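Novice: The structure under discussion is supplied below as structure tokens; questions concerning it will follow.
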Amino acid sequence: MSAREQVGRRAFVVGTGAALLAGGAAIGAEAAVVDGPLPDFHPALKDALTFPLAWGTSPIRDFRAWRRAARAQVEEALIVDREDATPYAPEFGERTEADGYTRQLVTLSLTGHERVRAALLTPHGPGPFPAVLLLHDHGAKFDIGKEKLVRPWYDATRLASARAWTEKYFSGRFVGDELARRGYVVLAADALGWGDRGPLAYDQQQALAGNFYHLGSSLAGLMAREDARAAGFLARLDRVDRRRIAAVGFSMGAFRAWQTAALSDDVAAAAAVCWMTGLKEMMVPGNNTLRGQSAYYMLHPGLPRHLDFPDVASIAAPRPKLFFNGGLDPLFPADGVRVAHDKLRAVWRSRHAERRLHLRTWPDLGHVFVDRMQEEVFGWLDRVL
């Protein structure tokens, strides 16, 4: 075997063991086998991640200046252009009555590329009302998106699928409908690949993301931009009190919620259920992220050279933020959650705003957003908005 072939063989391996970097390994030695796929030198790559732009590590000592610099770094990593002056040009569908609120579909432009259909719920009464941008999960289930959170009164087939999803993760409840009954305007739209904008097949995600990159764009960046624009749309509705808008989500929707709060000043508060961790603690053998595919919806190239996940979420400080995780959640190990919570707590404490940060681990729960968690989120929203 040639030296070139030997180096290639040990450069990238797939298997089931754990990889440890051994100093002085000779070229051509048998490669360590990792659970991944991960390169066998991944510990060295992780060690190089020091997150130098994080608050407290960055040389920038003025918090407002740090927020601007950190947000600009995230903006650059999204690849998708920030400025999109495309008019929303909403087309509102027929209103139907529900228990304490009205339902309608609205079609709008979140970018200049395509029109997106969203569900819009409005409480009965004069308003203006507080509002929630409700962001759906991934779940490798693409036939429904917004319907995971808002009862699809307009589609019997999707209703059957959505009911099964709510039974699995939400105690059989549609979170958006619950919020509307409690007096919140609710907006929920499909991310690219779900519902009206899909369905995508699970094993097509990586190719879709790769094609975005070849086209000079980003799948994750598009989702981030659309979510921020959706918050802006809510803020411009006459029925909404623009000072009282929250982003709320579960799983990938939780990632989207804290990310939107970091990118948009239209979001006054955010509740993220079951998506927060330290990056380095997530990139370990056996973690679901290592499978690729779904990771591409949350992958911004180069950003980890500057900021960790909780660092990005901290751009929204000192606005109210809630982070829940399940103690039995296999996707987010306890050490990663602990690292992230410690970072978040330090930032809000530095702003004398720790009371605005609600961190909780539910020790008997896994990757779910069940009714008792929902009730605590609803009560928290009532207090902070």
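Novice: So what J values fall out for the range 130-145 if you push phi through Karplus, 6.51 cos²θ - 1.76 cosθ + 1.60 with θ = phi - 60°, rounded to Hz, Gly and Pro as x?
Specialist: x, 9, 10, 7, 9, 10, 6, 7, 8, x, 6, 10, 9, 5, 10, x
Novice: Something else now. Quote the charge dipole size of the chain about the Cα centre in Debye, to the nearest 20; the model charges only the Cβ of Lys and Arg (+1) and of Asp and Glu (-1).
Specialist: Once rounded to the nearest 20, the dipole reads 940 debye.
Novice: Identify all lysines with a Cα-Cα distance to LYS343 below 29 Å; exclude those on the same chain that are fewer than 8 residues away in sequence.
Specialist: Result set, ordered by chain and number: LYS46, LYS280, LYS321.
Novice: A follow-up question, please. Relative contact order of the range 93-209, please, whole-number percent, based on alpha carbon pairs below 8 angstrom and at least 6 residues apart.
Specialist: Rounded, it is 30 percent for the range 93-209.
Novice: Could I ask something else about it? Can you send over the carbon and sulfur percentage of the accessible area for the chain, probe radius 1.4 Å, protein chains only?
Specialist: For the chain, the apolar C and S fraction of the accessible surface comes to 53 percent.
Novice: Spelling out what I want: for every residue of the range 163-178, take phi, set θ = phi - 60°, compute 6.51 cos²θ - 1.76 cosθ + 1.60 (Karplus), and round to whole Hz; glycine and proline get x.
Specialist: 4, 5, 5, 5, 5, 6, 10, 10, 6, x, 9, 8, 4, x, 5, 4
Novice: At 222 nm, what helix-only mean residue ellipticity would the chain give, in deg cm²/dmol to the nearest 500, using -39500 (n - 2.57) for each DSSP H run of four or more?
Specialist: Mean residue ellipticity at 222 nm (helix-derived): -10500 deg cm²/dmol.
Novice: Right, another one. Based on alpha-carbon atoms only, what is the radius of gyration of the range 312-379 relative to the globular estimate 2.2 N^0.38 Å?
Specialist: My calculation over the Cα atoms of the range 312-379 gives 1.14.
Novice: Roughly what % antiparallel, to the nearest 5, for the DSSP beta bridges in the chain?
Specialist: Around 40 percent of the beta bridges assigned by DSSP in the chain are antiparallel ones.
Novice: Return a whole-number percent for the relative contact order of the range 142-298, with Cα pairs under 8 Å and 6 or more residues apart as the contact set.
Specialist: So the answer I get is 18 percent.
Novice: Relative contact order, percent, of the range 288-385 when contacts are C-alpha pairs under 8 Å separated by at least 6 residues?
Specialist: This gives 34 percent for the range 288-385.
Novice: Accessible area per residue for the chain in Å², computed with a 1.4 Å probe and the full protein assembly in place, what is it?
Specialist: 43
The values are calculated or read from the model by the stated rules, or taken from the named source; none is laboratory data. Please read these numbers as outputs of a predicted model, since none were measured by experiment. Using ideal geometry, Cβ is built from the backbone for each residue, glycine included, and neighbour counts are taken over all protein chains shown. Ligands, DNA and RNA are excluded from the accessible area calculation, which covers all protein heavy atoms including side chains. Shrake-Rupley method; radii C 1.70, N 1.55, O 1.52, S 1.80 Å.
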